[in-house]
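So the structure is just underneath, and the comments pick up after that.
Read-outs: derived from the displayed coordinates by stated rules, not from any lab. Keep in mind the model is a prediction, meaning the values are calculated, not measured. We place every Cβ from the backbone using ideal geometry, glycine too, and count neighbours over all the protein chains shown.
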Amino acid sequence: MTVEHAGRGRRAARGRRPWVLLAAVVGAYAFLYAPILWLALLSFNDSRSVSTFTGFSLRWYAELLTDGQVLDALWLTVRLAASTAVVAAVLGTLAAWALRRPFRGRGLWSTVLAMPLVVPEVVLGVSLLAFCVKLAGIPLGFGALLAAHVTFSLSFVVIVVRARLAGLDPRLEEAAADLGAGPLTRWRTVTLPVLWPAIGAGAAFAFVLSFDDVVTSSYLSGVGGTPLPVLVYGQASRRGVSPEIVALSTSMVVLSTVLLVLAVLVVARRARHLDR
Amino acid sequence: MSEDPRETPALDHRVPDASGPPAVELRGVTRTYTDQVAVRDLSLRVGEGEFFSVLGPSGSGKTTLLRMVAGFEDPDGGAILLGGRDVVGVPAHRRDVNTVFQSYALFPHLSVWDNVAYGLRRLGLRRAELRARVGDYLDLVQLAGYGRRRPHQLSGGQQQRVAIARALARRPRVLLLDEPLAALDAQLRAQLRVELTRIQREVGTTFLYVTHDQEEALVLSHRLAVLRAGRVEQVGTPADVYERPVSRFVAEFIRSSTTGGSNVLEGTVRTVTGAGNAALVEVSVGEGAVLAELPPGRALRRGQPVAVAVRPEKARLYSAEDDGPPPGWSRVPVRPRDTVYTGAATEHLVEVVGDPGATPLTVFTQNTRRAGETGPGGGPVLVGWEPRFSVLLADEPGRGDGGAEPGGRARPTAADGDPTPGSAPTPVGATSRADVS
């Protein structure tokens, strides 16, 4: 990020932009990234104190790797995020497809699909908890968590896939039909391949949303397992910010960033092939 | 799927075959959208092996017609026959036709080779045969060696050629082309026009070609149908339609890029002389007289208003020092208004003396002399032409409409019984002249 600042500064100077603009850019980036950078620096601090820097060390990371509770939580979180991504991608793609052509009540359906975007997460968590426990009798844990995560990430997949569908030349499917492909073959050989980048992007979104979720998950995790974000939150609120928590948080930031960047790269590569 | 083994495409011009059932036949086809009628009671026959164009301004229903033949839309009424079999209700993927789309509609995720192979895979061809066929058709469109490329790596013209190869590779009974050149620039369009003619000759497949470009239709087609507001206005060879338009609409709509549309002169019947095929009608236009052959079966009263069309390159100009047109020719006194030098020809715009409301006439003269040597001057004072160049237009209400439909006008000859191009023009409207050139 520091490199980024320097680069921007040089470019701004060469372009003779007013210093106000440069300051605004630096300020905005600092506002966004300084706390995270500070956190990352702290995680390599040898001291247990989070206010004084005594030397470089990887000991807190080593401790994480031996902490069974953390490893269990990580494993649960990854499984949950991956499952959420797959289920949300499949359901979201089907929903986007169904909403492609106008029909009675289409507006209502798309509004309902977008609702989780505007419903506060706390409300969503409470209502899902009430639903699982009181109404449906679904045991808390992985199943309930998966259902909840799919609920709020589905909207993202639908939005991304619908945008791609809207840009899809309807002649492509007609051309496939014209060349002898029945409805299923058309879907498999033309529609799906053209939609892949959007589905991939939607799935990546769903993964990261699930991976980072605290609020809904804290309502629905059962006795057996706690997702990583919930664990971090719980420990931080009970014992304050410890170096282990700092290292864990840094790992999570790095992991989500890497995953998202990878997904974006792969999707962009595929999309470049498809778009003229 | 009829497997037509055209292993060796005939390189000579295949004479369209009129003996069997027509390749495509539309009988009383109507298609209504919620707010308008796109195609109304339309009948048409396209012979086997013909290059047949459907020409019309936008909104005339030509694309709807094509989409109904392809199977993307179903008519509300009427029958669509492919090789004598009614295909209404048969889904697109089971029809023996293939389409070339205006937007190319190449599959962006597949290579050029796989695009061409797409339709063949659906036929379940053996591997070797599939490979050979894709190669043949890439050769046909002169894109051998481009198989591994993606569509987005090709130019517009190349993409359209891939689309043509992809559609033809299935060897359909009829190839449907929906304004395939409209998205290309003028130079490429001219190039692909030549290509299309060659390809159609080589494969001999029936081409049903939709366009709004008059010159394209004239250059490419064996026969063409002029569409107006969902109805067939005229069917005939390019020469028929150009030289013997049946209506004012066709006379003005069919235009070549150099000379534009027909001049349409309005006047009143003065005399009718002779009888039968030799009958001549004299029409007063301004201070002049226009002579036209009277089609058999058409009766005219003295004083009746009529419209006569004449092509700009058929009329001649006379200056005050000339002798004027020979006796027996049309003779219209004019006043020069404007002259445009266009290189090979000069376009003269002249006003009809005695008819101030009339549209000025356009007359083309070949520049066979050098500029500045246009002879002793004074400018044109007379326009004259032979009676056989006059086209007496069918009675039509209103005057000078460009495309608005005067509702409910009867068009009797939508169906055309003779799908053989090059033969005598079918008596459409009322003319029966065979010699048009």
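For chain A, the 222 nm mean residue ellipticity estimated from helices alone, with every DSSP H stretch of n ≥ 4 adding -39500 (n - 2.57) and the total spread over all residues, rounds to -25000 deg cm²/dmol. Computed over chain A, relative contact order equals 28 percent, with contacts defined as Cα pairs under 8 Å that lie 6+ residues apart.
Using 1/(1 + (r/R0)^6) with R0 = 22 angstrom and r between the beta carbons of A:TRP187 and B:SER155, what's the FRET efficiency to the nearest 0.05? Don't jump to the answer; show the numbers that get you there.
On the way: r = 30 Å, r/R0 = 1.38.
In this case the efficiency is close to 0.10.
Of the trypsin sites (Lys or Arg not before Pro) found in the range B:310-349, none is in coil by DSSP with at most 14 other Cβ atoms within 10 Å of its Cβ.
Could you give the longest part of chain A that holds none of the chymotrypsin sites (Phe, Trp or Tyr not before Pro) found in DSSP loops with at most 14 neighbouring Cβ atoms within 10 Å? Here the longest segment lacking exposed loop sites spans A:104-276.
Please order B:HIS152, B:HIS348 by the number of other Cβ within 10 Å, starting at the fewest.
Working: B:HIS152 13, B:HIS348 23.
So the ranking, lowest neighbour count to highest, is B:HIS152, B:HIS348.
Neighbour counts of other Cβ atoms within 10 Å put B:LYS62, A:LYS134 in the fewest-to-most order A:LYS134, B:LYS62.
Rounded to two decimals, the Cα radius of gyration of the range B:80-144 over 2.2 N^0.38 Å is 1.31.
Inter-chain Cβ neighbour count for B:102-112, averaged per residue, equals 5 (cutoff 10 Å, partner chain atoms only). Ranked for footprinting exposure by Cβ neighbours inside 10 Å, fewest first, B:THR258, B:THR362, A:THR52, A:THR191 give A:THR52, B:THR258, A:THR191, B:THR362. Among the trypsin sites (Lys or Arg not before Pro) in the range A:51-118, those located in a DSSP loop and surrounded by at most 13 other Cβ atoms within 10 Å of their own Cβ are A:ARG104. Between A:TRP109 and B:ALA278, what is the FRET efficiency for a Förster distance of 56 Å, r being their Cβ-Cβ separation, to the nearest 0.05? After rounding to 0.05, the efficiency reads 0.15. Quotient of the Cα radius of gyration of the range A:61-274 and 2.2 N^0.38 Å, N being its number of residues: 1.17.
Using a cutoff of 8 angstrom between alpha carbon atoms and counting only pairs six or more residues apart, the relative contact order for the range B:113-244 works out to 19 percent.
Per residue Cα convex hull volume for the protein assembly as shown, in cubic angstrom? Before the final figure, lay out each step's value.
Numbers: hull volume 185.5 nm³, N = 713.
It is 260 Å³ per residue.
Projecting the Cα positions of A:ALA114, B:GLY78, A:GLY55 onto the charge dipole of the protein assembly as shown (unit charges on Cβ atoms of Lys, Arg, Asp and Glu, taken about the Cα centre) puts A:GLY55 furthest along the positive direction.
Treating r as the C-beta distance of B:ARG126 and A:LEU135 and R0 as 60 Å, the FRET efficiency rounds to 0.55. For the protein assembly as shown, the dipole from Cβ point charges (+1 on Lys and Arg, -1 on Asp and Glu) about the Cα centre works out to 2020 debye, to the nearest 20.
The smallest convex shape that holds all Cα atoms of the range B:24-250, its convex hull, gives 126 Å³ per residue. Legend: mean number of C-beta atoms from other chains within 10 angstrom of residue C-beta atoms, peptide A:179-192, equals 5. Each Cα pair under 8 Å and six or more residues apart adds its sequence gap; the mean of these over the residue count of the range B:24-250 is a relative contact order of 29 percent.
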